[in-house]
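Just so it is clear, none of the values below were taken in a lab; they were calculated from the coordinates. No experiment lies behind these values; they were computed from the predicted model shown. Heads up, the Cβs are rebuilt from the backbone with ideal geometry, glycines too, and the neighbour counts pull from every protein chain shown.
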Amino acid sequence: MPLPKVPTHAGLQALLALWLALLSACGSVQAYNSPAPPVELVRELEKPVLTGNGRLRWLGFSVYEAWLWTAPQFASERFGAHSFALEIRYARAISGSALADTSLKQMQALEVLPPARFAEWQQALKSAFPDVKPGDRLTGVHLPDKGLRLYFNGQLHKAIEDPLLSQSFFAIWLSPTTQEPRLRAQLLGQGS
């Protein structure tokens, strides 16, 4: 029995190009491009670009997928000095109270939450977070001299005029000492 003929490297490339062209013509494949920023970010940030994205998993289950939108001159080591946005699309239902409590615990673990401000920030975050269900989208915008704007499914939900709270909140994802270093690397476009 003769062995099947194995395509050459050039032949494989041609077959792959043909297969992708056929799928694309059927509408099943889109060219890989950075997605357009959500409308609310275009209003808040000057020329936002997607820096990176990643997925948070807990015990193997997907919790959310996140996208970091920044300006071209964004420097991660000084993230608090820049305007940027973190967009999160949830895969699970989570209460707003649980989101606030988890955020506060993460901020405490990073030692960015001043003890004297705990009660104030707890109240601010508990009033800021809505209950989310799968597919819901929360987008937090950091404005260094103003604070935090939180959008829920594209609509402004809450503005917190506290620049230190905003920087401390986003440290959960962007601090070099985050509890999720793999996700941080993905958001900063440094990892797969």
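Report the equivalent ellipsoid semi-axes for the range 96-154 in whole Å, largest first, defined as the square roots of five times the eigenvalues of the gyration tensor built from alpha carbon atoms.
Sorted largest first and rounded, they come to 21, 15, 10 Å.
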Inset, instruction - Counting other beta carbons within 10 Å of each Cβ, put Ser62, Ser103 in order, fewest first. - result: Ser62, Ser103
Inset, instruction - Would you mind computing, in nm to one decimal, how far apart the modelled labels at Glu161 and Thr102 are, each placed 7 Å from Cα along Cα→Cβ? - result: 3.1
Legend entry - Whichever lysines have a C-alpha closer than 20 Å to that of Lys105, once near sequence neighbours (fewer than 8 apart) are set aside: Lys126
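Please report the relative contact order for the range 39-187, taking Cα pairs under 8 Å with a sequence separation of at least 6, and give it as a percent rounded to a whole number. Display every interim value, and only then the final one.
Details: 279 pairs, mean separation 34.8, N = 149.
Over the range 39-187, the number comes to 23 percent.
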Inset, instruction - Distance between Cα centroids, the range 66-103 to the range 159-187: provide it in whole Å. - result: 7
Legend entry - Over the range 110-192: Rg over Rh, Cα atoms, Kirkwood Rh: 0.98
Legend entry - Where the Cα pairs of the range 23-180 fall when distances are cut into 10 Å bins, in %: 10, 39, 37, 10, 3, 1, 0
Inset, instruction - Quick one: order Glu65, Glu44, Glu77 by neighbouring beta-carbon count within 10 Å, fewest to most. - result: Glu77, Glu65, Glu44
Legend entry - Order of Arg137, Arg43, Arg117 - criterion: other Cβ atoms within 10 Å of each residue's Cβ, fewest first: Arg43, Arg117, Arg137
Inset, instruction - Starting from the Cα of Ser62, move 7 Å in the Cα-to-Cβ direction to define the label point; list residues of the range 92-122 whose amide nitrogen is under 11 Å from there. - result: 92
